[in-house]
Amino acid sequence: MATCEVCGNHYGMTFEVHAAGAVHVFDCFACAIHRMAPICEHCRVQILGQGVEADGHWYCGAHCARAEGKVGIVDKV
Ligand SMILES: [Zn+2]
Ligand SMILES: [Zn+2]
């Protein structure tokens, strides 16, 4: 039994996510997304795909990066 670090659920089927040297424990993907997904700095959507990083800022896609004045950003394919 482990405890989800987001909702505190005690659950037998938790899973771990290893990121940046830390280990996070979740009971479901919804909680993992809530905790781990970066937020687009333009439209505030949670970034579930690769996203776009520009000058240390995260955006959901190139269109949001451009809307914030970042130039030369193209979507990764
Ligand atoms: Zn949870
Ligand atoms: Zn966005």
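Determine which single condition residue 63 fails, assuming it passes every other condition in (1) within 16 Å of ligand 2 (Cβ to nearest atom); (2) in a helix (DSSP H, G or I); (3) open to solvent by less than 60 Å² (accessible area, probe 1.4 Å).
Only one criterion in (1) within 16 Å of ligand 2 (Cβ to nearest atom); (2) in a helix (DSSP H, G or I); (3) open to solvent by less than 60 Å² (accessible area, probe 1.4 Å) is unmet by residue 63, namely (3).
Got a number for residues in segment 1-30 being of a type in the set (A, V, I, L, M, F, W, C), open to solvent by less than 60 Å² (accessible area, probe 1.4 Å) and part of a loop (DSSP other than H, G, I, E, B)?
From segment 1-30, those of a type in the set (A, V, I, L, M, F, W, C) are 1-2, 4, 6-7, 13, 15, 17, 19-20, 22-23, 25-26, 28-30; that's our starting set.
Within this subset, residues satisfying the condition of being open to solvent by less than 60 Å² (accessible area, probe 1.4 Å) are 2, 4, 6, 15, 17, 19, 22, 25-26, 28.
Restricting the remaining residues to those that are part of a loop (DSSP other than H, G, I, E, B) gives 4, 6, 28.
Total meeting the criteria: 3.
Please work out which one of (1) in contact (Cβ under 8 Å) with a residue 12 or more places away in the chain; (2) open to solvent by less than 60 Å² (accessible area, probe 1.4 Å) is the condition residue 42 fails and give its number.
Going through the list (1) in contact (Cβ under 8 Å) with a residue 12 or more places away in the chain; (2) open to solvent by less than 60 Å² (accessible area, probe 1.4 Å), residue 42 breaks only (2).
Take the residues in segment 68-77 that are loosely packed, with under 13 Cβ neighbours inside 10 Å and hydrophobic (A, V, I, L, M, F, W, C); name whichever of them is farthest from ligand 1 (Cβ to nearest atom).
In this case the residue turns out to be 71.
Can you pull out the residues in segment 4-14 that are in contact with a strand residue (DSSP E or B) (Cβ under 6 Å, 6 or more places away or on another chain) and of a type outside the set (D, E, K, R)?
4, 10, 14
Report the residue count in segment 45-60 for those that are more than 16 Å from ligand 1 (Cβ to nearest atom) and either in contact (Cβ under 8 Å) with a residue 24 or more places away in the chain or open to solvent by less than 80 Å² (accessible area, probe 1.4 Å) (or both).
Residues in segment 45-60 being more than 16 Å from ligand 1 (Cβ to nearest atom) and either in contact (Cβ under 8 Å) with a residue 24 or more places away in the chain or open to solvent by less than 80 Å² (accessible area, probe 1.4 Å) (or both): 11 in total.
Given (1) at pLDDT 95 or above; (2) within 16 Å of ligand 2 (Cβ to nearest atom), where does residue 5 come up short, assuming only one miss?
Only one criterion is unmet by residue 5, namely (2).
The values are calculated or read from the model by the stated rules, or taken from the named source; none is laboratory data. As the structure is a prediction and not an experimental result, all values here were calculated from the model. For neighbour counting, all protein chains shown are included, and Cβ atoms are generated from backbone atoms with ideal geometry for every residue, glycine included. Accessible surface is based on the protein model in full, side chains and every heavy atom, while ligands, DNA and RNA are left aside. Shrake-Rupley method; radii C 1.70, N 1.55, O 1.52, S 1.80 Å.
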